[in-house]
Amino acid sequence: MTEQPLVIAGGAVVTPSGVIDPGQVVVDARGRIVAVGEAAASEAPADAGVIDATGCWVTPGFIDVQINGGHGIDLTTHPGRADELGRFLPRY
């Protein structure tokens, strides 16, 4: 969760329908994406922080849906510990 609205501007924004370059992404104070596009920053509050992403790619967070273990838990030998491992995952 962010503490203030945020604008990520100037980068190549990857969307399901293609790449917007340069593009902008607006994130509200709760950490939710509220606008994406060439002029999305016009929808951001005046107190929004700005990250200059010029020359960078702005992409969705990709999640690996296959997890074999972590934090000392090996799910291949102890699959019953999946819930225990799951409690660690939100921080990543």
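Data for the structure
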| quantity | calculated |
| --- | --- |
| Net charge of neighbours whose Cβ lies under 14 Å from the Cβ of residue 27, counting Lys and Arg as +1 and Asp and Glu as -1 | -2 |
| Å² per residue, accessible surface of the stretch 1-82 at 1.4 Å | 69 |
| Simple label model, 7 Å out from Cα along Cβ direction - residue 21 to residue 81, nm | 4.4 |
| Normalised alpha carbon radius of gyration of the chain [divisor 2.2 N^0.38 Å] | 1.44 |
| The stretch 21-88: GluC sites (Glu not before Pro) falling in loop per DSSP and having at most 15 other Cβ within 10 Å | 38 |
| Pairs of alpha carbons in the stretch 13-64 whose separation is greater than 16 Å (percent) | 41 |
| Surface share of carbon and sulfur [accessible, 1.4 angstrom probe, percent] for the chain | 56 |
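The values are calculated or read from the model by the stated rules, or taken from the named source; none is laboratory data. Just so it is clear, the structure is predicted and the values come from calculations on it, not from any experiment. Heads up, the Cβs are rebuilt from the backbone with ideal geometry, glycines too, and the neighbour counts pull from every protein chain shown. Keep in mind that these areas ignore ligands, DNA and RNA; they rest on the heavy atoms of the full protein, side chains included. Shrake-Rupley method; radii C 1.70, N 1.55, O 1.52, S 1.80 Å.
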